[in-house]
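The values are calculated or read from the model by the stated rules, or taken from the named source; none is laboratory data. If you're wondering where the values come from, they're calculated on a predicted model, not measured in any experiment. With ideal geometry, Cβ positions are generated from the backbone for all residues, glycine too; neighbour counts draw on all protein chains shown. Note: areas computed on protein heavy atoms with side chains; ligands, DNA, RNA excluded. Shrake-Rupley method; radii C 1.70, N 1.55, O 1.52, S 1.80 Å.
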Amino acid sequence: MTTEIRKVTVAGAGTMGPGIAAIFASHGFYTTLTDIQAGALEKANSTVDMVYSVLVKEGFLTQGAADSGRECLKIESNLDVALQDIDFLLETIPEKLEIKQSFFREIEPKVGTEVILASNTSGIPITKLAEVTEYPERMIGMHWSNPPHIIPVIEVIRGLKTADAAVLATHAVINSIEMIPVDVLRDVPGFVENRILYAIMREALHLVEEGVAAPEAVDEIVKWGVGFKLAAIPPLQLLDVAGLDIYKSVASYLNADLSTEQGVSSAITEKVDQGNLGIKTGSGLFEYNPDEIPALMQRRMRMLLDVKKALTKDEAG
């Protein structure tokens, strides 16, 4: 198993690939970003420029590191070329089991047997992806959060046959790019982050469907109540703050009343059937003026950056 990683390929230049590739390159890894769609690679250049511009402006990256990153980053449309002489591959392709399995089945014979194969899947078990590989011990989950250049935590997921060496090497890579590696010890669907996030979203949708509160009210309560607290005191530490006796008392009657919906909320399925998918279509659970969307996204990015600065300052003491 490769222990000294210098050359990285990121396969998939969609939502997250360009930002991830930019981070790798700015920390000294010779990085190649590849995609089967030429249009995605064309957009990737401007995304990389945006990532470096934001990180330099906000003080998370020096101009020298950004310039070096641009020199270390290569955009390549030919997959065979992108796979040559690499040490580490991270796929960020569409979130469908068949597509990902097909990809790993195709590329494994094209790379050395010591190359680590990582997936940025949001929740497909790594063991499932590794089923199509000849060397499943080198298959590992490396799940970034979006936007990847701002949110620093990366889940490291071990499949049933993942080798310790692959885990250690992935940790070393994450530490090298100044992100936060966190181990997921069991390969369950959704891992940790998305299981918690989807539990929150399921209950939020349930409350709206039951007429307990309007969508705007639910979001305000989560933003200024739940989210406000959790940004400073994570949930298991919050239990100690509140008191385990208090939690036991409230949970004894509240847990039984929480949503246990096994399917997808009708509030979502109806919108999807109507073609109302959210910001991308101008309508979802909320309505969006197309002219105002860029400013909305910039405000949200600004808030994420401010939260990161505050949390980083707290961690530094």
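Among beta bridges identified by DSSP and lying wholly in the chain, the antiparallel ones come to about 20 percent.
In this structure, the pairs whose alpha-carbon distance is over 29 Å, taken from Lys223/Lys309; Lys74/Lys223; Lys229/Lys271; Lys57/Lys96; Lys43/Lys110, are Lys74/Lys223; Lys229/Lys271; Lys57/Lys96. Recomputing percent of Cα pairs over 29 Å apart from the coordinates shown identifies the correct label among (1) 36; (2) 40; (3) 44 as (3).
Sorting 40-48, 85-93 by average packing, meaning the other beta carbons within 10 Å per residue, from highest down gives 85-93, 40-48. Taking all protein chains into account, the per residue accessible area for the chain stands at 57 Å² (1.4 Å probe).
Provide the three semi-axes, in whole Å and in decreasing order, of the ellipsoid equivalent to the stretch 166-246 as defined by the square roots of 5 times the Cα gyration tensor eigenvalues.
With the √(5λ) rule applied to the stretch 166-246, the semi-axes are 31, 17, 13 Å.
Where only DSSP H runs of four or more residues are counted, the chain gives -14500 deg cm²/dmol as its mean residue ellipticity at 222 nm, each run worth -39500 (n - 2.57). Modelled label positions at Ala242 and Phe228, each set 7 Å beyond Cα in the direction of Cβ, lie 1.6 nm from each other. Ligands, DNA and RNA left out, the 1.4 Å accessible surface of the chain is 57% carbon and sulfur atoms. Mean projection of the Cα convex hull over all viewing directions, computed for the stretch 1-133: 7.9 nm².
Derived scalar couplings between HN and Hα for the stretch 213-230 equal 7, 6, x, 4, 5, 4, 5, 5, 5, 5, 5, 9, x, 4, x, 4, 5, 5 Hz in order, rounded to whole Hz, by the Karplus curve 6.51 cos²θ - 1.76 cosθ + 1.60 (θ = phi - 60°), x for Gly and Pro. Loop-located GluC sites (Glu not before Pro) across the stretch 181-290 with a Cβ neighbour count of 16 or fewer within 10 Å are Glu210, Glu261, with loop assigned by DSSP. Our coupling estimate for the stretch 145-162, obtained by passing each phi through the Karplus curve with A = 6.51, B = -1.76, C = 1.60 and θ = phi - 60°, is 9, 9, x, x, 7, 10, 7, x, 7, 10, 6, 10, 10, 8, x, 4, 10, 5 Hz, Gly and Pro reported as x.
Rg then Dmax, both in Å and based on the Cα atoms of the stretch 93-233: 17.9, 57. If you look at the Cα atoms of the stretch 236-314, you get an Rg and a Dmax of 19.5, 50 Å.
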